[in-house]
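Below: the structure, in structure tokens.
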Amino acid sequence: KLLAKLHPIFKQAIKQASRMNNVVSSVTASAHQSLHQVKRLALGSDEEGSWEELKAVEVRRRVILKRSPLPFYRILMCWDGTVLRTLSTDFLFWFTMIIYIAIR
């Protein structure tokens, strides 16, 4: 009698576990896809990158790392390794600034 009462509960639990497994699989696949996208954008191609590219990235990383003792505002004003280069050519940023200044 007790088993008959628990059978629907177990059945529902199995369904929920199956749904959760599908969700986890979907999130994992999405994370792998995102990681691949980030690698592709960072390296500029679908390849792993050559030794020269890896060396160049490492040199750039070390130059940025050497700036860590500098004050915060000086680090932000560096062209390489911050968002200044991207902001200087970002259309949406400048468009928003122009609209803000025009309204102001």
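Listed by first and then second residue, the pairs linking a residue in segment 82-93 that is closer than 26 Å to Ser68 by Cβ and among the aliphatic types (A, V, I, L, M) to a residue that is assigned to a helix (DSSP H, G or I) and modelled with pLDDT of 85 or more, with Cβ atoms under 9 Å apart and 6 or more places separating them unless they lie on different chains, are Leu87/Phe93; Leu87/Trp94.
Take Gln37 and decide whether it is open to solvent by less than 100 Å² (accessible area, probe 1.4 Å) and modelled with pLDDT of 75 or more.
Details: open to solvent by less than 100 Å² (accessible area, probe 1.4 Å): yes; modelled with pLDDT of 75 or more: no.
Spelling it out, it is not the case that Gln37 is open to solvent by less than 100 Å² (accessible area, probe 1.4 Å) and modelled with pLDDT of 75 or more.
The set of residues from segment 1-15 being among the basic types (Lys, Arg) and at pLDDT below 70 comprises Lys1, Lys5.
I need the full set of residues from segment 87-104 which are part of a loop (DSSP other than H, G, I, E, B) and under 25 Å from the mean Cα position of the chain (by Cα), in order please.
First, the residues of segment 87-104 that are part of a loop (DSSP other than H, G, I, E, B): 90, 104.
The one that is part of a loop (DSSP other than H, G, I, E, B) and under 25 Å from the mean Cα position of the chain (by Cα): Asp90.
Within segment 66-91, the set of residues being open to solvent by 100 Å² or more (accessible area, probe 1.4 Å) and either in contact with a Pro (Cβ under 6 Å, 6 or more places away or on another chain) or among the hydrophobic types (A, V, I, L, M, F, W, C) (or both) comprises Phe72, Met77, Trp79, Phe91.
The values are calculated or read from the model by the stated rules, or taken from the named source; none is laboratory data. Predicted model only: the values in this text are computed from it and were never measured. Neighbour counts run over all protein chains shown; Cβ positions are idealised from the backbone, glycine included. Surface areas here come from the heavy atoms of the whole protein model, side chains and all, with no ligands, DNA or RNA. Shrake-Rupley method; radii C 1.70, N 1.55, O 1.52, S 1.80 Å.
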